[in-house]
Each structure stands twice: as structure tokens, then as C-alpha cells.
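Values in this text are rule-based calculations from the coordinates and carry no lab data. Only a predicted model underlies this, so the values are computations on that prediction, with no experimental measurement involved. Note: ideal-geometry Cβ built from the backbone for every residue, glycine included; neighbour counts use all protein chains shown.
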Amino acid sequence: MGLFSKPEVVIAKESSNAKEYLRQLEELAEKAAGENAKKIAKEIAVVKAGIIGENNILFELKNSGMDMVVLHDLYIESVSGASAQIDFLVLTPKINFVLECKNLFGNIEINSKGDFIRTIRCGGRYYKEGIYSPITQNQRHLQVLKERRSENDGKILAAWKNYLFKDFFRGLVVLANPKTVVNDRYAKKEVKAQVIRADQLIETIQRMNKASKESASSLKDLKGMGARYLQMHIERPITYIEKFKQEELEDQPVAEQPAPAPSEGKCCPKCGKPLVMREARRGAHIGEKFWGCTGFPQCHFIKKIVKTENK
């Protein structure tokens, strides 16, 4: 940044997965019924809350008042097969941050062992439950990033880059729900330092940059680094919607027509793939058997097994 130039925040990659997932869920919700409709409605609420939380963090970053490059929703894989879905990779002049966004409801307690325990209120009573540690999750993301950025280097250069990784990269868990109360009284110091609220994010980034003894990178250098990390990103189609489609298939009424005759080899008349016998596990037709295409979810062909069938 020049002497008289203003700080610039560059959004090198914006997220689209969550919004696309929400669009598909809302489209599926129009056709859903029964228990599956309730599950989809609950999932829609969770996804909407997640989007709001990530938007809150993005707002804080855009108004940071310092040079930075932001990559939102970055998916990378290492040569070992490990993968990481990074909510935010934030490149700043001295330190790069891997942010794990959590829009948690209820109050969170972090004990001396580093366990995360959530307390929620329901029906006038309080319930406690353990949740998977977002710190552990973020550490795995950092490890994948560490492997990925040096896997094309020679042994000496890779060893040197891995050695310096801890000096230039930090992981932070950012709680995006402003109503969440965190009790970390008995948590270890290093754990407390990694869990912050969204309104503490910029102050934390600025403080850690100021404390770092490393030389500062220019905005041009940060943009170059951002472009290299963007090349590591792998676009993935939305696939987790299929679990709801499968349950919807099992809930829906089946056609009153006989299964294909044995001479036809029990093949799907739509796509030609084999049919398999299934049993409805939910909905009004629970326990009834039907023939379903093995090409599901691409093919949704089904035929009910009528009582007159001998096979």
C-alpha cells in the first residue's frame, strides 16, 4: 500500500455453493410431504442461518480498513487424497488466516480438555450436548493446505515451506451468531486464542499482524498469492441434495402396475438399467414393495409390485 493510497479488500472468490444448495432445497420442498418435508424445512433453516453467518463475516472483512485478499468457500485436495472445505482463506500483509465459520445456536462451553459443549433451552428445560470441535476441524484444513501448497516442490523446498508454514498461517474459529454466549473460563490459553466472535475478527487480525515480526507483503503480492490459491480450488457439483431426493422417492405413492416380466430381465424401460426390489421405509406406503431403478438418482423410475405377481 502506498503512502497516500487507501486500503483495499479484494474478494478473489465468492461463495455460490450454499446459495445453490438452498435453491435446490427450496425447489425440492415444493414437492415434499410427510417427514421428509419436515427434514427439508429444518435443513433450509440451517442453510439460511449459515449463509447469514458467512455474510456477517464477509461484511467484517470488507470493512477491515486494511489490505487483504479473501477467498470464500475454497475446496482443495492434496495428493494424499485428503480434502478441505475452507470457509474463508484471508491473505493479509503478514499472516494468512484460515477461518472456520460457525453460526451456532445455544451457548457454548469449552472445558479444560478442549471439548465443546452446547447448552440449548427447549420447553423450559436446558439440555447439554457435545459437538465436534471446530478447532480440530480447522486444524485438518490447515494440514491439507500445508500439503497442497508444497506437493509440487522438491524435497528441500517443500521441507522449508512446511517449516515456515506455522509462521505465516493461523486458524481461527469465528462464531457468527451474535446471540451465542461462549464460556471459555477453563479452556487452555491456546484454545481461547483460536475461538472468537465475528465482531472481534478484525481486531484480532490487526493485532496479530502488528505482533508479527515478518516483513509485510504488498497488495500486489497478496493478489498474486490469491491467484495461486484460486488455481488449487476444485469446483464440485452439489451432491448432498440427493439424500432428500432418495427419501422423497421412498415416501411417494407408487404406480399401480405390475413389475416387468422375467422375460424382460427386469430392466428399467426408461434407461435400461437393472431394477431392484425395494421397500418403502416411510410415508403412507411404508412396508410396501416396489421395483426401483438402480440408476437412481439420475433415473426415478419405480413400479409397484402388485399382489398378482408370482415372482
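Peptides 167-174, 87-94, ordered by how many other C-beta atoms sit within 10 Å of their residues on average, highest first, read 87-94, 167-174. Using R0 = 22 Å, the C-beta based FRET efficiency linking SER83 and ASN162 works out to 0.70. At full extension, GLN231 and ASN63 could sit 57.9 nm farther apart than now, given 0.36 nm per residue minus the alpha carbon distance.
Only lysine pairs 8 or more places apart, or on different chains, with alpha-carbon atoms under 27 angstrom apart are counted in segment 31-161, and they number 28. Length, then width, then depth: along the principal axes, the Cα atoms of segment 1-134 run 61, 44, 37 Å.
Going by the alpha-carbon gyration tensor, a ≥ b ≥ c the square roots of its eigenvalues, is segment 26-101 rounded (a/c under 1.5) or, if a/c is not under 1.5, prolate (a/b greater than b/c) versus oblate? Since a/c reaches 1.5 but b/c is at least a/b, the shape of segment 26-101 is classed as oblate.
Report the residues of segment 77-101 in range of a label on LYS220: point 7 Å along Cα→C-beta, backbone N strictly under 19 Å from it. Backbone N within reach: 92-94.
The loop-placed GluC sites (Glu not before Pro) in segment 103-182, going by DSSP, that have at most 14 neighbouring Cβ atoms within 10 Å of their Cβ come out as GLU151. Highest mean packing comes first when the peptides 78-85, 61-68 are listed by Cβ atoms within 10 Å, giving 61-68, 78-85.
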